[in-house]
Each structure stands twice: as structure tokens, then as C-alpha cells.
Amino acid sequence: MSQIHSVTGGSTSSAVRKLVFSAMGIALAMVTSYIKVWEMPMGGSVTLLSMLFICLIGYWFGAKYGIITGAAYGLLQFVVDPYVLSIPQVLFDYPFAFGALGLSGFFSNRKYGLQIGYAVGVLGRFVFSTLSGAIFFAAYAPEGMNPWVYSFLYQGTYLGTEGIVTLVIISLPPVTKALNLIHRQASA
């Protein structure tokens with residue numbers, strides 16, 4: 001336990017609480033990633049708020065915890081449903097893209113910080129997914145279409161849809177109140 005304290009710089013119980021909430025965030029993200037509202041033909045889908053649970057960890061505990069939790073979630077996604085062309089592609093599609101959701105932690109002390117942080121986290125995932133699509137999956141672009149434009153549109157379709165829907169949901173006063181209550185319990 002003293003190793004946890006020395007790594008986190010906080011109390012052992014605080015570190016354990018953060019670890020437990022991070023594990024729960026990964027579990028909830030994993031479960032909700034299987035509740036697909038809409039699935040794209042070559043990967044990617046609009047899910048039932050799966051990215052939110054990783055963003056919450058970043059928002060509640062800081063970018064470091066969020067990025068690490070997101071990267072761990074990305075690796076779990078890879079283990080469960082791998083798609084491998086090369087090591088760089090795996091890094092971009094899994095730990096980098098999902099780790100970027102943890103960027104939400106940079107906005108935890110701002111008005112509308114959850115909404116802004118969530119949007120930035122999803123934008124970070126979008127950037128890595130778009131890079132991967134344009135670099136590693138350029139052959140899938142329709143003939144005559146720029147692979148960067150194709151990747152931008154493809155990734156934006158499902159990530160943008162889920163992002164907007166989630167932003168609307170987390171902006172509803174009862175949802176905001178419930179998330180704030182959970183945050184207080186997580187930080188107690």
C-alpha cells in the first residue's frame with residue numbers, strides 16, 4: 001500500500017478509491033460499448049454513452065488518471081475485439097484514441113467543465129481515429145476521394161453522433177445533479 005501512496009502522492013485510501021472508481025468506469029464503458037445504437041460498416045459505432053465513463057474518471061480525478069484509465073480501456077477493447085495491421089495502427093486505434101478521452105481531466109475546475117472536458121476527450125479520440133483511418137486504412141476510401149476527408153467524415157459520423165447525444169444527456173439538470181453526487185462520493 002505504501003507504493004500506491006508514493007505513486008499518487010495522496011493517501012492510500014484516496015488512491016484505492018480512485019483505482020476502484022477507475023475500474024468501475026472501465027467496466028461500465030465495456031458493458032455499454034456492447035449496447036450499439038448504430039454500427040458503422042467498417043468498425044465504429046454509436047453506443048449507449050460508453051465514452052462518458054472514461055471521461056468521468058478524467059474529470060473527477062484529473063487527466064493523469066483519465067488518460068491511464070482510457071489507455072487501459074483501449075487495451076481491453078483490443079483484447080476483446082482486436083484488429084491488427086501493424087503496431088502503430090494498434091497504438092492509434094486503441095490506447096491512444098481511448099486514452100485521449102482522459103483529456104477531460106484538464107477541465108475539472110471550470111464552469112461546464114464536464115461538458116467541455118467530454119467534448120475535448122471525444123475530439124482527442126476523433127483525432128487519433130482520423131489519423132489511423134487516413135494513414136492505415138486509406139485503401140478503403142472511395143475511388144477519387146481523399147483518404148483524409150474520408151477518414152474525417154467516417155470517424156465524425158459515429159463519434160460526433162454519440163458525442164452530441166451524450167452532451168445533451170449530461171446537460172440535463174437531473175443527470176448533472178446525479179453525476180455531481182457520485183463525484184462527491186468518489187472524492188470523499
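The values are calculated or read from the model by the stated rules, or taken from the named source; none is laboratory data. Bear in mind that the values here come from a model prediction, so they are computed numbers and not experimental data. Here the Cβ is made from the backbone with ideal geometry for all residues, glycine too, and neighbour counts use every protein chain on show. The protein model used for the area step is the full one, side chains on, heavy atoms only, and it has no ligands, DNA or RNA in it. Shrake-Rupley method; radii C 1.70, N 1.55, O 1.52, S 1.80 Å.
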> Do you know which residues across region 76-89 are open to solvent by 20 Å² or more (accessible area, probe 1.4 Å) and either farther than 16 Å from residue 34 by Cα or touching a strand residue (DSSP E or B) at 6+ places or on another chain (Cβ under 8 Å) (or both)?
Replying inline: 83, 84, 85, 86, 87, 88
> Within region 38-71, which residues are closer than 30 Å to residue 140 by Cβ, touching a residue at least 24 places away in the same chain (Cβ under 8 Å) and hydrophobic (A, V, I, L, M, F, W, C)?
Replying inline: 38, 40, 42, 46, 49, 51, 52, 53, 54, 55, 67, 71
>> Taking the conditions exactly as written (hydrophobic (A, V, I, L, M, F, W, C), open to solvent by 20 Å² or more (accessible area, probe 1.4 Å) and touching a Gly at 6+ places or on another chain (Cβ under 7 Å)), does residue 116 satisfy them or not?
In response: no
> If you check every pair at least six apart or on different chains, which have Cβ atoms under 7 Å apart with a residue in region 91-113 that is free of Cβ contacts under 8 Å to residues at least 12 places away in the same chain first and a residue that is open to solvent by 20 Å² or more (accessible area, probe 1.4 Å) second?
Replying inline: 110/116
> So residue 77 clears everything in (1) within 11 Å of the chain's Cα centre (by Cα); (2) under 22 Å from residue 156 (Cβ atoms); (3) not hydrophobic (A, V, I, L, M, F, W, C) except one condition, right? Which one?
Replying inline: (1)
> Which of (1) at pLDDT 95 or above; (2) over 28 Å from residue 78 (Cβ atoms); (3) open to solvent by 60 Å² or more (accessible area, probe 1.4 Å); (4) not basic (Lys, Arg) does residue 153 not meet, given it meets every other one?
Replying inline: (2)
